[in-house]
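Novice: Questions regarding the structure given below will be posed in turn.
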Amino acid sequence: MRKDVAFKAVLFLFFAILCILVLIPFYAVALASFKPGGDLVRNGLNLSFDLSRMSLNNYVFLFTGSHSYFTWFFNSVFLTIVQVVLTLFVSATVAYGFSAYEFRGKNFLFICVLLIMMVPFEILLLPLYKLTNDLGLMNTYSAIVLPGIAGAATIFFFRQYLSGIPREIIAAGRVDGASEYGIYMRLILPIMKPSFAAMAILNGMNSWNNFLWPFMVLSDSNKYTLPIGLKTLLTPYGNNYDLLIVGSFFSIIPIFVLFMAFQKYFIDGMTAGAVKG
């Protein structure tokens, strides 16, 4: 009994320390958002709490100043929502095909999915850029959304999740006269809610923080996403640290909201299929 209590105490202490270490950078950025931008240049990010140096001036400038921050912000919100919705639906449909049906070349195609997961995006960057340019999609949101709507990692995750769902559910739907489309939409998709929540968070984070590919294909500043827009605040001719630091901190909010909205299903989605039987 004492060993169990001691183990739980050590485990609690370990995760408490881990949580503090993870939260320290957020705390440092939160403090910096209340300080003048010059302090960031002189002292960098730090944990010093000097009330005399803190004010709401950066937040006033964020909401009332003349800048394009909220244009970039809502561009990122729009792109993240569209990309997550399309990626989840397309990837889940592909994964359902791998899980529910037997067809020639199925194993070979799934191996191709696994191989794609092993290829770094940087290797595909130039061929993808050339293809995008040839299709006339440069400087459009389609160029950002289309390459990722059938994510290999998301397909793999959904396929593993679906492999734990009894085949009797599909068979029962067919016996009741449901179409294949009806079985998928009415029986399978509702069961996949936990996995959708987990993948919504992970894909949402990736889309929200995506910098390299949007930076390469977008040239119109009115279409910039938030990571690109924040990068433009640092130039050889001057740096707007006041907007940069408060804008960076404010950009955390959508991901936090996304996680809070789906946290109920997140753990279930990540662990589903880990144990069978």
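The values are calculated or read from the model by the stated rules, or taken from the named source; none is laboratory data. What you see is a predicted model; the values in this text were computed from it and never measured. Ideal geometry is used to build each Cβ from the backbone, glycine not excepted, and the neighbour counts take in all protein chains shown. Ligands, DNA and RNA are excluded from the accessible area calculation, which covers all protein heavy atoms including side chains. Shrake-Rupley method; radii C 1.70, N 1.55, O 1.52, S 1.80 Å.
Novice: Would you call Val22 surrounded by 14 or more Cβ atoms within 10 Å (Cβ to Cβ) and at pLDDT 85 or above?
Specialist: Judged against the criteria, Val22 is not a match.
Novice: Within the stretch 83-127, how many residues turn out to be farther than 17 Å from Asn203 by Cβ, under 21 Å from the mean Cα position of the chain (by Cα) and surrounded by 14 or more Cβ atoms within 10 Å (Cβ to Cβ)?
Specialist: Count: 1.
Novice: Of the numbered conditions (1) more than 24 Å from the chain's Cα centre (by Cα); (2) in contact (Cβ under 8 Å) with a residue 24 or more places away in the chain, Gly136 satisfies every one except a single condition; which is it?
Specialist: Condition not satisfied by Gly136: (2).
Residues are listed down the side, and each one gets a yes or a no for (1) surrounded by 18 or more Cβ atoms within 10 Å (Cβ to Cβ); (2) modelled with pLDDT under 90:
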| site | (1), (2) |
| --- | --- |
| Leu131 | no, no |
| Leu135 | no, no |
| Thr140 | no, no |
| Ala143 | yes, no |
| Ala150 | no, yes |
| Ile155 | yes, no |
| Leu162 | yes, yes |
| Pro166 | no, yes |
| Ala171 | no, yes |
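Let's see how each residue does on (1) modelled with pLDDT of 90 or more; (2) open to solvent by less than 40 Å² (accessible area, probe 1.4 Å); (3) under 30 Å from Ser195 (Cα atoms); (4) not in a loop (DSSP other than H, G, I, E, B):
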{"position": "Val29", "(1), (2), (3), (4)": "no, yes, no, yes"}
{"position": "His67", "(1), (2), (3), (4)": "no, no, no, no"}
{"position": "Phe70", "(1), (2), (3), (4)": "yes, no, no, yes"}
{"position": "Ile81", "(1), (2), (3), (4)": "yes, no, yes, yes"}
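Novice: Would you check which residues across the stretch 195-225 are open to solvent by 40 Å² or more (accessible area, probe 1.4 Å) and not in a helix (DSSP H, G or I) and list them?
Specialist: The answer is Asn210, Phe211, Ser219, Asp220, Tyr224.
Novice: Enumerate the pairs (first residue in the stretch 79-93 and farther than 18 Å from Ile255 by Cα; second residue anywhere and among the charged types (D, E, K, R) and surrounded by fewer than 16 Cβ atoms within 10 Å (Cβ to Cβ)) with beta-carbon separation below 9 Å, excluding pairs fewer than 6 apart on the same chain, so at least 6 apart or on different chains.
Specialist: none
Novice: Another question, if that's okay. Answer yes or no as to whether Leu47 is over 21 Å from Gly229 (Cα atoms), open to solvent by 70 Å² or more (accessible area, probe 1.4 Å), modelled with pLDDT of 90 or more and touching a helix residue (DSSP H, G or I) at 6+ places or on another chain (Cβ under 8 Å).
Specialist: For Leu47, the condition - over 21 Å from Gly229 (Cα atoms), open to solvent by 70 Å² or more (accessible area, probe 1.4 Å), modelled with pLDDT of 90 or more and touching a helix residue (DSSP H, G or I) at 6+ places or on another chain (Cβ under 8 Å) - is not met.
Novice: Would you check which residues across the stretch 43-91 are within 23 Å of Ala30 (Cβ to Cβ) and of a type in the set (S, T, N, Q) and list them?
Specialist: Passing the criteria: Asn43, Asn46, Ser48, Ser52, Ser55, Asn57, Asn58, Thr64, Ser76, Thr80.
Novice: Also: Working only within the stretch 33-48, note down all residues that are part of a helix (DSSP H, G or I) and either closer than 17 Å to Gly247 by Cβ or touching a His at 6+ places or on another chain (Cβ under 9 Å) (or both).
Specialist: Answer for the stretch 33-48, where residues must be part of a helix (DSSP H, G or I) and either closer than 17 Å to Gly247 by Cβ or touching a His at 6+ places or on another chain (Cβ under 9 Å) (or both): Gly37, Gly38, Asp39, Leu40, Val41.
Novice: For a quick check of your reading of the model, give me the residue pairs whose first member lies in the stretch 31-56 and is closer than 17 Å to Phe249 by Cα, whose second is open to solvent by less than 30 Å² (accessible area, probe 1.4 Å) and not in a helix (DSSP H, G or I), with beta-carbon atoms closer than 7 Å and at least 6 apart or on different chains.
Specialist: Met54/Lys35
Novice: What are the pairs, 6+ residues apart or on separate chains, where a residue within the stretch 1-26 that is touching a residue at least 60 places away in the same chain (Cβ under 8 Å) and within 20 Å of Leu45 (Cβ to Cβ) has its Cβ under 9 Å from a residue that is of a type in the set (A, V, I, L, M, F, W, C) and part of a helix (DSSP H, G or I)?
Specialist: Phe26/Phe249; Phe26/Ile252
Novice: Further question: Somewhere in the stretch 176-193, is a residue surrounded by 19 or more Cβ atoms within 10 Å (Cβ to Cβ) and basic (Lys, Arg)?
Specialist: The answer is no, given that none of the residues of the stretch 176-193 is surrounded by 19 or more Cβ atoms within 10 Å (Cβ to Cβ) and basic (Lys, Arg).
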